[in-house]
């Protein structure tokens, strides 16, 4: 396990190969996609060609059969290269998004879909959150009504990443009204189906950072879904979704940590070169100490994130560690980016030095896919045993 | 055709090298190590020849510590077929490396050996030439193009005056220059496949080669720090300054 000792030979090889692949896409590439909003097509192709999208999927579908630890190494190397979330979010969904399909889909569904996702031939998007429910997933309003051949879905989804280009959509919708269910989180079903643009209108949401990878508001009007596209059992969708939450938290943590380290590298380089009052500003403890502090915070969060990944790979519950790593990792990542901007002085505010872009992107991971407050609620309730507060 | 490619584990070319405080060498503790870039070019060339159908098998050899196995795995992930690790913690000088390789070649009988022209740690640029002499094989050094044609190896070399093309009879030695090709990055499926490829473990003793050093390092020092220059407005100011410094 990477968290405690040295990396294994495989892990070193993976990290090295991803670093080399990412090194083809330098600061100018990402500054440009952030300006134009163009999808990082060349980067995604390079990652797909290298087989990186299949890191955590079984070999029978074209994957490498490795675990969350290795997937985390890949994603951390991506953000660390300076690709930040513009790079990570463009492939993140291919890497762990189809997990519910792999775990709960039937043989045909897997054989039909997983190889295409892993090869990059098809892209998917993930439609869970809705404007009126936020993190209260049991209150989702999108409905899937049964028809002779399957279901018809109507409703709205928000923050669906990559819907402009996705071929497929993994969508959760209510199949049984909440009041008819014994528990509020029952009656939700998961579907993996074609993103029919005649029935789904996807509108990008102008946002703070990561312009290259859009987030959308989806208006779903009469989407016909054959019953073969239902994942697992009807009504058990929420349970399936929960399985993917801990890996997602770990990946968000390491992605932010990677970005934080990239920001620190830029800040230290600048601090060594920038001479004011006859000496490099990096010789001043006022500059050194915040950078050193940020390094320590990133390193500590990194340990916890890989600890969580290692537990997950061993099949042990990692909820507490994954949540805590997400909280600490994304805060440490953001603070490192903020310190990097401040260390650059006025230049930190200029796009030319890239750290302001990192800082805008690092905000994303503090909010999505779960807020800091909900993580603290989880730890307070589930780890510390305090009464539920909401 | 069978090709042999020796690969060396060296300090990564991106690392800023630090001299040890006792000046006995450079600090290797906690430093990133990688395959010598010229050897990467050699592996890439062998793999390209294999992809063209001119080569059946690529054997990679590394002489070094246990961790040199990682370097061999990298070569296997790029497309080599099997590896030989000749394990030693000693610093093996080019002549001893060439002698060990001579014995390996005796066992493996490759028709072509592709080596990096030099390793970036000691920049010796000797092993390929010494090996050619020991074997009495033709050599094409500093190759910028390698073409297999009618049982011959045509090697274009970068020389001071331009380019020189040699036609070598097999078996032959080729050493690679920087512009021969751009090595590929290992893909994940190939990294996974490389895990299943065999690596034999040997020691210099198995080949009866004495690796004792013939050279002793007296002192290693950092290059002197270059002082900042001065900008001058015109030639007369330049001349005045040079005179003041006693340079002219």
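Inspect the stretch B:31-41 for any residue being more than 18 Å from residue B:186 (Cβ to Cβ) and free of Cβ contacts under 8 Å to residues at least 12 places away in the same chain and give the result as yes or no.
no
The rows are residues; the columns are (1) without any contact (Cβ under 8 Å) to a residue 60 or more places away in the chain; (2) under 22 Å from residue B:42 (Cβ atoms).
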position	(1), (2)
B:156	yes, yes
B:171	no, yes
B:177	no, yes
B:180	no, yes
B:185	yes, yes
B:205	yes, no
B:210	no, no
B:217	no, no
B:222	no, no
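Would you mind stating whether residue A:14 is closer than 22 Å to residue A:160 by Cα, within 14 Å of chain B (Cβ to nearest Cβ) and in contact (Cβ under 8 Å) with a residue 12 or more places away in the chain?
Judged against the criteria, residue A:14 is not a match.
How many residues does the stretch B:1-24 hold that are within 18 Å of residue B:94 (Cβ to Cβ) and surrounded by fewer than 14 Cβ atoms within 10 Å (Cβ to Cβ)?
0
Any chance you could count how many residues in the stretch A:140-154 are crowded, with 21+ Cβ neighbours inside 10 Å and assigned to a strand (DSSP E or B)?
Number satisfying all stated conditions: 3.
Between A:305, A:332, which is farther than 23 Å from residue A:211 by Cα, in the same structural domain as residue A:243 (by TED's automatic domain parsing), within 27 Å of the chain's Cα centre (by Cα) and crowded, with 22+ Cβ neighbours inside 10 Å?
Residue meeting the stated conditions: A:305.
Just to check your reading of the model, which residue among A:184, A:247 is over 21 Å from residue A:163 (Cα atoms), surrounded by fewer than 19 Cβ atoms within 10 Å (Cβ to Cβ) and touching a helix residue (DSSP H, G or I) at 6+ places or on another chain (Cβ under 9 Å)?
Being over 21 Å from residue A:163 (Cα atoms), surrounded by fewer than 19 Cβ atoms within 10 Å (Cβ to Cβ) and touching a helix residue (DSSP H, G or I) at 6+ places or on another chain (Cβ under 9 Å) holds for just one of A:184, A:247, which is A:184.
Give the number of residues within the stretch A:96-118 that are closer than 19 Å to residue A:50 by Cβ and assigned to a loop (DSSP other than H, G, I, E, B).
2
Considering only residues of the stretch B:25-62 that are part of a loop (DSSP other than H, G, I, E, B) and within 14 Å of chain A (Cβ to nearest Cβ), which is surrounded by the most Cβ atoms within 10 Å (Cβ to Cβ)?
Here the residue is B:31.
Looking at B:231, B:219 in this structure, which one is over 22 Å from the mean Cα position of the chain (by Cα) and at pLDDT below 90?
B:231
Just checking, how many residues over the stretch A:155-190 are assigned to a loop (DSSP other than H, G, I, E, B), without any contact (Cβ under 8 Å) to a residue 60 or more places away in the chain and over 30 Å from residue A:209 (Cα atoms)?
Number satisfying all stated conditions: 9.
Could you identify the single residue in A:199, A:178, A:168, A:211 that is surrounded by 14 or more Cβ atoms within 10 Å (Cβ to Cβ), modelled with pLDDT of 95 or more and out of contact with any strand residue (DSSP E or B) (no Cβ under 7 Å at 6 or more places or on another chain)?
Checking each option against the conditions leaves just A:211.
Mind checking which residues of the stretch A:121-140 are farther than 17 Å from residue A:177 by Cα and at pLDDT below 90?
Listed by number, the residues that qualify are A:134, A:135.
Conditions: (1) in contact with a strand residue (DSSP E or B) (Cβ under 7 Å, 6 or more places away or on another chain); (2) over 26 Å from residue A:374 (Cα atoms); (3) surrounded by fewer than 22 Cβ atoms within 10 Å (Cβ to Cβ); (4) modelled with pLDDT under 95. Residue A:117 meets all but one. Number of the miss?
(3)
The values are calculated or read from the model by the stated rules, or taken from the named source; none is laboratory data. These figures come from a predicted structure and were not determined experimentally. Note that each Cβ is placed from the backbone with ideal geometry, even for glycine, and that neighbours are counted across all protein chains shown.
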